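Where a number appears in this text, it was derived from the coordinates with a stated rule and is not lab data. A quick note: this is a predicted structure, and the numbers were derived from the prediction, not measured. Cβ placement follows ideal geometry from the backbone for every residue including glycine, while neighbour counts extend to all protein chains displayed.
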Amino acid sequence: MRKKIVAGNWKCNTTVQEGVELAKAVNELVAKADAKNVVVVLGTPFTHITSVVSAVDASLINVAAQNCAAEAKGAFTGEVSAAMVKSTGATHVILGHSERREYYGETSEILNKKVALALANGLTPIYCCGEALSIREANEQNAYVKTQLEETIFNLSAEDFSKLAIAYEPIWAIGTGVTASTAQAQEMLAYIRGLIADKFGKAVAEETSILYGGSCNAKNAPELFAQADIDGGLIGGASLKAEDFLGIITAY
Ligand code: PGA
């Protein structure tokens, strides 16, 4: 059965000390809660990863980077490679977030390199896709997301593809307080699963974890997560408070 995943994306928030406190608080709550069927991931800034990995129980909490370099190593000042991320003890890496595509010019070409390096280094990519409001308003979201997938992770072998998770995050729902309706989210995730089935076969599609992201919180998570194709969430704002995040983890 495919995994249920609740992944926090802290973005550019918290100092190392604050992040460690937050991670410890999440760890403590998860330890007390009955959340064994959910893979919990904390997507922290690079600077925090090593400290957060040491602060949590690895059997309860996984740690993710929010990015990695498109090159393996060398003269790329300021970059952090997939091998470096792996060496911290992180297990996952968020790739292709719309904020990185929009503000840092991440193209499909760049993302293909990042995904390949993440996989080569044994990291699980959480690969993001999703459309802007203008595309949704023109009702072209399906074609847009299909292209995002076809230009990137659909070029992988079925074996490599089966190692990653996908997060659908409509840009108009990120940090806006506007959540996609449960029907909109389920419809898109079912559509994505159908595309995976066409490309890699039904078995691979059934095993792929597809997450929803965009103003997901403890209040709307139960209804979202009850949908057949929603396998969890990628959580921004609500992952910055341990109690709020726990409310999402236990929404199943
Ligand atoms: P949000 O962010 O939950 O604050 O909307 C989600 C994300 O960008 O991953």
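Label 7 Å along Cα→Cβ of Ala132; the stretch 165-204 residues with amide nitrogen under 13 Å? Counting backbone N atoms under 13 Å from the label point, the list is 171-172. By the beta-carbon count within 10 Å of each Cβ, the least crowded to most crowded order of Tyr191, Tyr168, Tyr212, fewest first, is Tyr191, Tyr168, Tyr212.
Pairs of Lys residues in the stretch 118-252 that lie 8 or more places apart, or on two chains, and have C-alpha atoms under 16 angstrom apart add up to 4. Shown in residue order for the stretch 144-160 are the 3J(HN,Hα) couplings computed by the Karplus curve 6.51 cos²θ - 1.76 cosθ + 1.60 at θ = phi - 60°: 5, 5, 4, 5, 4, 6, 5, 7, 10, 5, 6, 7, 6, 6, 4, 5, 5 Hz (x for Gly and Pro). When Cys12, Cys68, Cys128 are arranged by Cβ crowding within 10 Å, least crowded first, meaning fewest neighbours, the order is Cys12, Cys128, Cys68.
Between Ala58 and Met1, the simple spin-label model (points 7 angstrom out along Cα→Cβ) gives 2.6 nm. Estimated from helical segments only, the mean residue ellipticity of the chain at 222 nm is -12000 deg cm²/dmol, where each DSSP H run of four or more residues counts as -39500 (n - 2.57). Modelled label positions at Thr15 and Lys163, each set 7 Å beyond Cα in the direction of Cβ, lie 3.8 nm from each other. Each of Asp198, Asp244 was scored by other Cβ atoms within 10 Å of its Cβ. Listed from fewest to most, they are Asp198, Asp244.
Rounded to the nearest 20 debye, the dipole size of the stretch 1-58 about its Cα centre is 360 debye, using +1 on the Cβ of Lys and Arg and -1 on the Cβ of Asp and Glu.
Considering only Cys128, Leu29, Gly232, the residue lying farthest towards the positive end of the dipole of the chain is Leu29, judged by Cα position with unit charges set on Cβ. Taking a ≥ b ≥ c as the square roots of the eigenvalues of the alpha-carbon gyration tensor, the chain is classed rounded because a/c is under 1.5.
Between Asn139 and Glu28, the distance separating the two model label sites (each 7 Å from Cα on the Cα→Cβ line) works out to 5.2 nm.
Of the candidates Pro45, Pro125, Pro170, which one comes out as most mobile in a Gaussian network treatment of the chain with C-alpha springs shorter than 10 Å? Comparing Pro45, Pro125, Pro170 in the GNM, the peak value goes to Pro45.
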